[in-house]
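Q: I have a structure I would like to understand better, so I am pasting it below and will then ask my questions one at a time.
The values are calculated or read from the model by the stated rules, or taken from the named source; none is laboratory data. Keep in mind that what you see is a predicted model, and the values were worked out from it rather than measured. Ideal geometry is used to build each Cβ from the backbone, glycine not excepted, and the neighbour counts take in all protein chains shown.
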Amino acid sequence: MAELIHTCYRIGEIDRSVAFYEALGFEERRRMDLPDGAINVFMGIPGDGDRLELTWNPGVESYDLGTGYNHIALTVPDLQGTLDELGGRGISPEKPPYRVGGGSGSLICFVRDPDGYRIELIERP
Ligand SMILES: C[C@@H](O)C(=O)SC[C@H](NC(=O)CC[C@H](N)C(=O)O)C(=O)NCC(=O)O
Ligand code: NI
């Protein structure tokens with residue numbers, strides 16, 4: 001049976017991405033030097049695996065994210081508290097938290113990481 005172990009995307013600067021994901025509760029696990037001079041930075045939530053593989057390429061400061069990528073989703077215990085933490089770093093949600101369909105679903109919102117990748121934040125029930 002397959003197991004989803006990480007998601008990988010390319011980033012333009014390591015420190016700002018590490019700081020962003022640390023604000024979301026991730027910790028940096030390790031860095032992997034690659035033959036072409038690139039660096040993979042692996043991050044994970046304490047107690048979980050290295051779920052994010054952030055690839056930095058020398059000399060590449062930004063990427064065309066195209067129209068294919070939508071988001072990755074994280075659950076957080078306190079959505080407003082997380083937004084307050086991100087707000088202190090100048091990061092705001094695309095729009096205020098809402099419940100999908102306006103119903104009794106989970107409270108969610110979307111923020112963008114330093115490279116523009118959308119991150120869905122879902123308040124843990
Ligand atoms: C460790 C394992 O989980 C990997 O995914 S490493 C795969 C490796 N990645 C790179 O070389 C990244 C640097 C490269 N310049 C890039 O930006 O892709 C690899 O073999 N990549 C080849 C590929 O086609 O992704
Ligand atoms: Ni990988």
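Q: Residue under question is Leu52, and the condition is that it be under 16 Å from Leu121 (Cα atoms) and within 16 Å of ligand 1 (Cβ to nearest atom); does it hold?
A: yes
Q: Out of (1) exposed (fewer than 15 other Cβ atoms within 10 Å of the Cβ); (2) at pLDDT 95 or above; (3) small (Gly, Ala, Ser); (4) closer than 24 Å to Cys109 by Cα, the odd one out for Gly66 is which?
A: It is condition (2) that Gly66 fails.
Quick grid of which residues meet (1) under 19 Å from Pro125 (Cβ atoms); (2) within 15 Å of the chain's Cα centre (by Cα); (3) acidic (Asp, Glu); (4) at pLDDT below 95:
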{"residue": "Arg16", "(1), (2), (3), (4)": "no, yes, no, no"}
{"residue": "Glu27", "(1), (2), (3), (4)": "no, yes, yes, no"}
{"residue": "Arg31", "(1), (2), (3), (4)": "no, no, no, no"}
{"residue": "Ile45", "(1), (2), (3), (4)": "yes, yes, no, no"}
{"residue": "Pro58", "(1), (2), (3), (4)": "no, no, no, no"}
{"residue": "Ile72", "(1), (2), (3), (4)": "no, yes, no, no"}
{"residue": "Gly88", "(1), (2), (3), (4)": "no, no, no, yes"}
{"residue": "Cys109", "(1), (2), (3), (4)": "yes, yes, no, no"}
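Q: While we're on this one: Give the residues of region 74-110 that are aliphatic (A, V, I, L, M) and surrounded by 13 or more Cβ atoms within 10 Å (Cβ to Cβ), sorted by residue number. Give the steps one after another, and end with the answer.
A: First pass over region 74-110, keeping only residues aliphatic (A, V, I, L, M): 74, 76, 79, 83, 86, 91, 100, 107-108.
Residues satisfying the conditions are Leu74, Val76, Leu79, Leu83, Leu86, Ile91, Leu107, Ile108.
Q: Among the residues of region 6-27, count how many are outside any helix (DSSP H, G or I), within 14 Å of ligand 1 (Cβ to nearest atom) and either within 17 Å of Gly88 (Cα to Cα) or not charged (D, E, K, R) (or both).
A: 6
Q: Every residue in region 1-18 that is hydrophobic (A, V, I, L, M, F, W, C) and exposed (fewer than 13 other Cβ atoms within 10 Å of the Cβ), please.
A: Selection gives Met1, Ala2, Leu4, Ile5, Cys8.
Q: As an exercise: evaluate Glu120 against (1) in a loop (DSSP other than H, G, I, E, B); (2) touching a His at 6+ places or on another chain (Cβ under 9 Å); (3) not assigned by TED's automatic domain parsing to the domain that holds Gly25 and give the number of the one condition it does not meet.
A: Evaluating Glu120 over (1) in a loop (DSSP other than H, G, I, E, B); (2) touching a His at 6+ places or on another chain (Cβ under 9 Å); (3) not assigned by TED's automatic domain parsing to the domain that holds Gly25 leaves (1) as the failure.
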